[in-house]
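K.L.:
The structure's right below; bear with me while I get my questions together.
The values are calculated or read from the model by the stated rules, or taken from the named source; none is laboratory data. Keep in mind it's a predicted model, so treat the numbers as computed, not measured. No Cβ is skipped: glycine too gets one built from the backbone with ideal geometry, and neighbour counts run over all protein chains shown. Only protein heavy atoms, including side chains, enter the accessible area calculation; ligands, DNA and RNA are left aside. Shrake-Rupley method; radii C 1.70, N 1.55, O 1.52, S 1.80 Å.
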Amino acid sequence: MIPIPIPIVHRDAELLVVNKPSGLPTTSPDGGDCLVSRVRELDPGAPRLHPTSRLDAEVSGLVTFARTARATEALLEARRAHAYGRTYLALVTNAPADDEGRWELPIAVDPRDRRRRLVSFDDPETKPSATRFSVRARGELSLLALFPETGRTHQLRVHCAHVGSAMFGDVIYGGERRVTRANGRVVSAKRVMLHCAALDLPNVAAEGRLVLVAPVPADFANVWRGVGGDPSALG
């Protein structure tokens, strides 16, 4: 197992929210080490533990587990009603020209490699996908806030790459691993610079909304500072 603790951000009778470290997959079809198995150890008394979203292994941040059948259905309904808000932070080498906007780009499985996805407008298996974005800061790397309206596999990574704003460290989708600053210093990334930083979802155990945040991990913050980024933009 990766010797990294799994911080619990929130737990009540209905929901468990944890902050997933980079390097750990959410699920593992072959029964290997994954977030689901770790969470079962953290919460052995839960009636069920269903991840209502999944982060790629390299991606860090908030993952919500429904602890009951009621919570599972409530969050499914929230997603259908676009009432399950998620905010991701990403570092990119080329920011979009507009400061904010929306990408409506259908996604399909890449026929050359079924582990990958691509934007396709003519594949019969394509699925509608939409992401809103906001540029928080521009520089040698730029900081984006991303708000997915749908939840397709690799959606944010594919959308960013398709518009020419591939994420730093995301070599699978054309991102750079290294950037050389104007002063000659080289800043590198060991993984895709993407983090699920905030959730705004129904408070199933009570009335109202549940708003949760997870600061970016040290590797993300170090890359941002390394290119002269303002740390306050991460907050």
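K.L.:
Please work out which one of (1) under 19 Å from Arg102 (Cβ atoms); (2) touching a helix residue (DSSP H, G or I) at 6+ places or on another chain (Cβ under 9 Å); (3) among the basic types (Lys, Arg) is the condition Arg191 fails and give its number.
P.N.:
(1)
Listed here are the residues, each with its yes/no results for (1) without any contact (Cβ under 8 Å) to a residue 40 or more places away in the chain; (2) in contact with a Cys (Cβ under 9 Å, 6 or more places away or on another chain); (3) not acidic (Asp, Glu).
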residue: Glu125; (1), (2), (3): yes, no, no
residue: Pro128; (1), (2), (3): yes, no, yes
residue: Val135; (1), (2), (3): no, no, yes
residue: Ser142; (1), (2), (3): no, no, yes
residue: Pro148; (1), (2), (3): no, no, yes
residue: Gly151; (1), (2), (3): no, no, yes
residue: Gln155; (1), (2), (3): no, no, yes
residue: Cys160; (1), (2), (3): no, no, yes
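K.L.:
Name the pairs: first residue in segment 192-203 and in contact (Cβ under 8 Å) with a residue 40 or more places away in the chain and over 16 Å from Leu75 (Cα atoms), second residue open to solvent by 10 Å² or more (accessible area, probe 1.4 Å) and charged (D, E, K, R), Cβ to Cβ under 6 Å, at least 6 apart or on different chains?
P.N.:
Val192/Glu58
K.L.:
Could you list, in sequence order, all residues of segment 69-116 that are more than 30 Å from Ala13 (Cα to Cα) and in contact with an Asp or Glu (Cβ under 6 Å, 6 or more places away or on another chain)?
P.N.:
The first filter runs over segment 69-116 and keeps only residues more than 30 Å from Ala13 (Cα to Cα), leaving 90-116.
Those that are more than 30 Å from Ala13 (Cα to Cα) and in contact with an Asp or Glu (Cβ under 6 Å, 6 or more places away or on another chain): Thr93, Ala108, Arg116.
K.L.:
Tally time: how many residues in segment 174-191 are under 19 Å from Ser22 (Cα atoms), assigned to a loop (DSSP other than H, G, I, E, B) and free of Cβ contacts under 8 Å to residues at least 24 places away in the same chain? Step through it out loud before you land on a result.
P.N.:
Looking only at segment 174-191, we keep the residues that are under 19 Å from Ser22 (Cα atoms), and these are 175-178, 187-191.
Still in the running and assigned to a loop (DSSP other than H, G, I, E, B): 175-177, 189-191.
This time we only want the ones that are free of Cβ contacts under 8 Å to residues at least 24 places away in the same chain, so: 177.
Counting residues in segment 174-191 that are under 19 Å from Ser22 (Cα atoms), assigned to a loop (DSSP other than H, G, I, E, B) and free of Cβ contacts under 8 Å to residues at least 24 places away in the same chain gives 1.
K.L.:
If you don't mind, there's one more thing I want to ask. Is it true that some residue in segment 157-173 is charged (D, E, K, R) and either at pLDDT below 95 or part of a strand (DSSP E or B) (or both)?
P.N.:
The first filter runs over segment 157-173 and keeps only residues charged (D, E, K, R), leaving 157, 170.
In the following step, the residues that additionally are either at pLDDT below 95 or part of a strand (DSSP E or B) (or both) were identified as none.
No; the residues of segment 157-173 include none that is charged (D, E, K, R) and either at pLDDT below 95 or part of a strand (DSSP E or B) (or both).
K.L.:
Further question: Just for strands (runs of 3 or more DSSP E) wholly inside segment 52-153: which have at least 2 residues that are open to solvent by 40 Å² or more (accessible area, probe 1.4 Å) and over 21 Å from Asp200 (Cα atoms)? Give the steps one after another, and end with the answer.
P.N.:
Working: elements: 60-66, 85-92, 100-104, 107-109, 117-119, 130-137, 142-148.
Those strands (runs of 3 or more DSSP E) span 117-119.
K.L.:
Have a look at Val135, Val158, Val171 and point out the one that is β-branched (Val, Ile, Thr) and either over 18 Å from Glu58 (Cβ atoms) or touching a Gly at 6+ places or on another chain (Cβ under 6 Å) (or both). I'd like the intermediate steps shown before the answer.
P.N.:
Working: Val158 fails: either over 18 Å from Glu58 (Cβ atoms) or touching a Gly at 6+ places or on another chain (Cβ under 6 Å) (or both); Val171 fails: either over 18 Å from Glu58 (Cβ atoms) or touching a Gly at 6+ places or on another chain (Cβ under 6 Å) (or both).
Step by step, each of Val135, Val158, Val171 is checked, and only Val135 is β-branched (Val, Ile, Thr) and either over 18 Å from Glu58 (Cβ atoms) or touching a Gly at 6+ places or on another chain (Cβ under 6 Å) (or both).
K.L.:
Taking Val171 as the residue in question, decide whether it is more than 15 Å from the chain's Cα centre (by Cα) and without any contact (Cβ under 8 Å) to a residue 12 or more places away in the chain.
P.N.:
yes
K.L.:
For Pro215, which of the numbered conditions (1) closer than 18 Å to Ala137 by Cα; (2) touching a residue at least 40 places away in the same chain (Cβ under 8 Å) fails to hold?
P.N.:
(2)
K.L.:
Can you tell me which residues in segment 134-150 are in contact with a Lys or Arg (Cβ under 7 Å, 6 or more places away or on another chain) and of a type outside the set (A, V, I, L, M)?
P.N.:
Matches in segment 134-150: Glu140, Phe147, Pro148, Glu149.
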